[in-house]
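S.K.: Handing you a structure now.
The values are calculated or read from the model by the stated rules, or taken from the named source; none is laboratory data. All figures in this text were calculated on a predicted structure; none of them were measured in a lab. Note: ideal-geometry Cβ built from the backbone for every residue, glycine included; neighbour counts use all protein chains shown.
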Amino acid sequence: MIEASLERLRAVHAQMKSELHQVIVGQDEVIDELLLAILTRGHCLLVGVPGLAKTLMISSLAKTLDLSFNRIQFTPDLMPSDITGTELLQIDPETNARSFRFAPGPLFANVILADEINRTPPKTQAALLEAMQERQVTSAGKRHALPEPFFVLATQNPIEQEGTYPLPEAQLDRFMFLVQVGYPTLDEEREILRRTTGGTTNEPKKVVGAAELAELQQAVRGIPVSDHVFDYVLALTRGTRVKGEGQLAFLREWVTWGAGPRASQFLVLGAKAHAALAGRTHVAIEDVRAIVHPVLRHRIVTNFSAAAEGITSDVVIDRLVKEIDPGASIGKGVPGVAVRS
């Protein structure tokens, strides 16, 4: 049963990628990470300079899903009720009876494009926290469930910081992946010019609906994980924390704060989806390593010493993966897995 579901999952994944490449040139790794997030019910934050098709990528992905879609352009004057909805006074034309009615905001859709999320004030950013975690919003003391499935796919510009509001760590932690969108290669940029300066445009076709997507997500969650993979995941996440016994020396030099338990959950779920797409019915160490950067990079807070040396969270993750030996015996070094000798 699970083999048939995973075979269908791989077919859907391939078809979605094919449809996205009708519009998007290159960016295979970014597209894969977006699709992994969709298959595991995770939210995703895309970070890249302007003009790299972040918004186009998300809107095109939404078109391959037979789901409702709303784009929210975040601006400095956006209020929380502008996205969650508000209570409106309603008067019955026959009886003149007055009552309040909740008018849903743009968050009430399956796929939300939160464009330039760091351009809106913290109170509006905070309005997303309940929606992203609990999949509901609260207005006038009443809870309103959001439609299922529910994904927040956000974009952020890393270079223009004037007039922006950096996302707090509490909200960053709600995003399963932080995906870095890079520049295209020379050949890819040439193809972009060829496609976008002509007279024809392509539109992706719908591939999967809500019911089938829910079945595929359940199939991903059903993939078994062995204890040694759990130990490796725990070694990675617990290894980023500077407080505790047996931590690596370079972490104490470079890191102020590390990843929490939610990172471990996302590493396991992401590894399950990666294994499914690789054609396996079990999770391997390489599946964890394949998604460790987008899961951990926004959950590691580096200090001034790291900044002075040009050390980023990705460098810390590279060093951590290199130092931890998944085949060693448990009990030494980083909690869970021993350090390479």
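S.K.: Kindly evaluate residue 55 against the criterion of being within 25 Å of residue 20 (Cα to Cα) and within 21 Å of the chain's Cα centre (by Cα).
M.R.: Yes: the conditions hold for residue 55.
S.K.: Keeping to the range 245-262, report how many residues are of a type in the set (A, V, I, L, M) and surrounded by fewer than 23 Cβ atoms within 10 Å (Cβ to Cβ).
M.R.: 3
S.K.: So, in the range 229-272, exactly how many residues are within 19 Å of residue 174 (Cβ to Cβ) and among the basic types (Lys, Arg)?
M.R.: 1
S.K.: Okay, next question. For the range 215-244, give me each residue that is over 23 Å from the mean Cα position of the chain (by Cα), more than 18 Å from residue 327 (Cα to Cα), in contact (Cβ under 8 Å) with a residue 12 or more places away in the chain and exposed (fewer than 14 other Cβ atoms within 10 Å of the Cβ).
M.R.: Answer for the range 215-244, where residues must be over 23 Å from the mean Cα position of the chain (by Cα), more than 18 Å from residue 327 (Cα to Cα), in contact (Cβ under 8 Å) with a residue 12 or more places away in the chain and exposed (fewer than 14 other Cβ atoms within 10 Å of the Cβ): just 244.
S.K.: OK, next. Could you check, for the range 117-125, whether at least one of its residues is assigned to a strand (DSSP E or B), touching a strand residue (DSSP E or B) at 6+ places or on another chain (Cβ under 7 Å), within 28 Å of residue 34 (Cα to Cα) and at pLDDT 85 or above?
M.R.: No, because not a single residue in the range 117-125 is assigned to a strand (DSSP E or B), touching a strand residue (DSSP E or B) at 6+ places or on another chain (Cβ under 7 Å), within 28 Å of residue 34 (Cα to Cα) and at pLDDT 85 or above.
S.K.: Has the range 186-203 got any residue that is assigned to a loop (DSSP other than H, G, I, E, B) and surrounded by 15 or more Cβ atoms within 10 Å (Cβ to Cβ)?
M.R.: No: zero hits.
S.K.: Hey, among the residues in the range 78-114 that are of a type in the set (Asp, Glu) and not in a loop (DSSP other than H, G, I, E, B), which one's farthest from residue 144 (Cα to Cα)?
M.R.: Among those residues, the one meeting the criterion is 82.
S.K.: For the range 288-306, what are the residues that are surrounded by 20 or more Cβ atoms within 10 Å (Cβ to Cβ) and closer than 14 Å to residue 231 by Cα?
M.R.: If the condition is that a residue be surrounded by 20 or more Cβ atoms within 10 Å (Cβ to Cβ) and closer than 14 Å to residue 231 by Cα, then 288 is the only one that fits.
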